[in-house]
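Shown next, in C-alpha cells, is the structure this report addresses.
The values are calculated or read from the model by the stated rules, or taken from the named source; none is laboratory data. Here the structure is a predicted model, which is why all the values come from computation and not from measurement. Glycine also receives a Cβ, built like all others from the backbone with ideal geometry; neighbour counts cover every protein chain displayed.
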Amino acid sequence: MFRAGLYARVSTSDQQTLAMQNRVMQEYAGRRGWIVALQIREVNSGAAKREAREKVLEAARRREIDVVLVWRLDRWGRSVTDLLTTLQELEHLGIGFVSLTEALDLTTPAGRAMAAMLAVFAAFEREVLQERTRAGLAHARENGKRLGRPATAAAHAAEIRELHRAGISKSEIARRVQVGRTSVRRVLAPGK
C-alpha cells in the first residue's frame, strides 16, 4: 500500500481552487488504495521559492512517502528545468509521481516512458538554445564585436606601473584607475 504525499498550490489570486485540488487528489488516492501520509498546501506565485514543496521532497528523501500526487504539473514545477530536476530526484529515490490533469503516472511503465520522453525533449530544447547561442556568438565575432569581459586592469597596466614607481600605494592606484586592488596586485606581480 502506497503512502501518498499530496501537494496543492495556488497563486494568491487563485485560492478558490485549493479545496478542489485537495478533494480531487484525496478521491484519487482513495480509489488507488493509497494512504495519505502527507498533505501540503501552498499559496504563492509560480515564480516564488516553494518552501512547502521542499517539505514534500524532504519527506521523500526520508522515505516517509512512496508517491507524490499533484493536481497539475504547473502546480509542482516552476519551470521545465525545475520540473525535470525534481522528477529525476524522485525517480532516483524510487518515489512515484502522479499528475492528475495530465494523466502522468510515473508509478507505471507507460508513465516512466512519458517522463523519459519529456527529458529527451528538454535535452533537445537545451541543445537548440546552445546552438543558437553559438551561432549568435559566431555572428558577433564575424562583425568584429569583442566578446567576453572588458579588459579593465590590463588596459591600464602601463599607468598602474607608472603610479607604483611614483610611490603611490596599491589601494590609491586602484581608486585612481578605478579597478580592484587585486587587479592592481596582479599587474604588479613579479614576472608580469
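Side notes on the structure shown:
- Considering the range 31-149, there are no qualifying helices (runs of 4 or more DSSP H) wholly inside with 2 or more residues that are at positive phi and more than 19 Å from the chain's Cα centre (by Cα).
- The set of residues in the range 24-65 that are under 14 Å from residue 8 (Cα atoms) and among the basic types (Lys, Arg) comprises 41, 50, 53, 55.
- Hits in the range 90-127 (condition: among the β-branched types (Val, Ile, Thr) and under 28 Å from residue 27 (Cα atoms)): 95, 98, 101, 107, 108
- Flag if residue 2 is crowded, with 20+ Cβ neighbours inside 10 Å and within 26 Å of residue 119 (Cα to Cα): no
- Which listed residue is within 30 Å of residue 2 (Cβ to Cβ), of a type in the set (Val, Ile, Thr) and without any contact (Cβ under 8 Å) to a residue 60 or more places away in the chain, from 98, 120: 120
- Scan the range 114-133 for residues that are loosely packed, with under 11 Cβ neighbours inside 10 Å and modelled with pLDDT under 75 and the total you get is 0.
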